[in-house]
1. Would you check which residues across segment 91-107 are polar (S, T, N, Q) and either in contact (Cβ under 8 Å) with a residue 60 or more places away in the chain or open to solvent by 60 Å² or more (accessible area, probe 1.4 Å) (or both) and list them?
2. I'd like the full set of residues that are surrounded by fewer than 19 Cβ atoms within 10 Å (Cβ to Cβ) and either charged (D, E, K, R) or touching a Lys or Arg at 6+ places or on another chain (Cβ under 6 Å) (or both), limited to segment 145-155.
3. Could you list, in sequence order, the residues of segment 45-72 that are open to solvent by 40 Å² or more (accessible area, probe 1.4 Å) and either touching a residue at least 60 places away in the same chain (Cβ under 8 Å) or in contact with a Phe, Trp or Tyr (Cβ under 9 Å, 6 or more places away or on another chain) (or both)?
4. Before we move on, is Ala110 assigned to a helix (DSSP H, G or I) and in contact (Cβ under 8 Å) with a residue 40 or more places away in the chain?
5. Please indicate, with yes or no, whether at least one residue in segment 115-126 is of a type in the set (A, V, I, L, M, F, W, C), within 10 Å of Ala169 (Cα to Cα) and in contact with a Ser or Thr (Cβ under 6 Å, 6 or more places away or on another chain).
6. Suppose we keep only residues that are of a type in the set (Val, Ile, Thr) and farther than 12 Å from Phe159 by Cα within segment 131-143. Which one would you say is least open to solvent (accessible area, probe 1.4 Å)?
7. Is it true that Gly126 is modelled with pLDDT of 90 or more, touching a helix residue (DSSP H, G or I) at 6+ places or on another chain (Cβ under 9 Å) and open to solvent by less than 30 Å² (accessible area, probe 1.4 Å)?
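The values are calculated or read from the model by the stated rules, or taken from the named source; none is laboratory data. Treat the numbers as computed from the prediction; the structure is a model and nothing was measured. A quick note on method: Cβ atoms are made from the backbone with ideal geometry, for glycine too, and the neighbour counts reach across all protein chains shown. Note: areas computed on protein heavy atoms with side chains; ligands, DNA, RNA excluded. Shrake-Rupley method; radii C 1.70, N 1.55, O 1.52, S 1.80 Å.
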Amino acid sequence: MRTLALTIGSLMMVPAAALAQQAQPAPGAAATTTGSATASAPTVGATIYDSAGVALGTVASITPQAVILNTGTAQVPVPPASIGKTDKGFAMAMTKADLDAAVASSQAQAQAAVKSKLTPGTAVTGLNGATLGTIKSADAQFVTLTTAKGDVKLPIAGFSADASGKIVAGITADQLAAATAGAAK
């Protein structure tokens, strides 16, 4: 069996990214607020402050369903109605500490939900949607996948769930094939 130590990018951002993906506009809808925005609505790049006047982050994108707030550590979708205009600019009725705690809690819950799905027999797809294999076993550090080329161990931190709940490894089928070919030498 081969054990691969793969660097899988943006692992801590996966839960927030998954939420942000769920908030994407329908095809053909505007992805950002443009010139038709009023002064009472934030635009991409605007700083959003907390209830104490501390910067929460900047607006990364806007959809009809959510304002995606870049806090510097996470992309956080928030309902547009939760942001109001103040004398200082745009603000939310929560503190930076409360937002950071909510993001950490959400990420922990998402990671726990993913770990609970890492059970033998579960199909795993790659980032490109191609099936990589099925889970043979999982422990605190690694998930062993049974693939067409044999068993492969991947870091548990590289797994997430998509919007439908399917398990996704943070690697494409081509990347896995290249890594396993290199490990076999």
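1. Of everything in segment 91-107, those that are polar (S, T, N, Q) and either in contact (Cβ under 8 Å) with a residue 60 or more places away in the chain or open to solvent by 60 Å² or more (accessible area, probe 1.4 Å) (or both) turn out to be Ser106, Gln107.
2. Listed by number, the residues that qualify are Thr146, Lys149, Asp151.
3. Once the filter is applied, which keeps residues that are open to solvent by 40 Å² or more (accessible area, probe 1.4 Å) and either touching a residue at least 60 places away in the same chain (Cβ under 8 Å) or in contact with a Phe, Trp or Tyr (Cβ under 9 Å, 6 or more places away or on another chain) (or both), segment 45-72 yields Thr47, Tyr49, Ala55.
4. Here the answer is yes, as Ala110 does meet what is asked.
5. For segment 115-126, residues of a type in the set (A, V, I, L, M, F, W, C), within 10 Å of Ala169 (Cα to Cα) and in contact with a Ser or Thr (Cβ under 6 Å, 6 or more places away or on another chain): absent.
6. Among residues in segment 131-143 that are of a type in the set (Val, Ile, Thr) and farther than 12 Å from Phe159 by Cα, the one least open to solvent (accessible area, probe 1.4 Å) is Thr134.
7. Taking the combined requirement at face value, the residue satisfies it.
Yes/no per residue for (1) farther than 30 Å from Gly45 by Cα; (2) in contact with a Cys (Cβ under 8 Å, 6 or more places away or on another chain); (3) among the β-branched types (Val, Ile, Thr):
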residue	(1), (2), (3)
Ala97	no, no, no
Ala110	no, no, no
Ala113	yes, no, no
Lys117	yes, no, no
Leu132	yes, no, no
Ile156	yes, no, yes
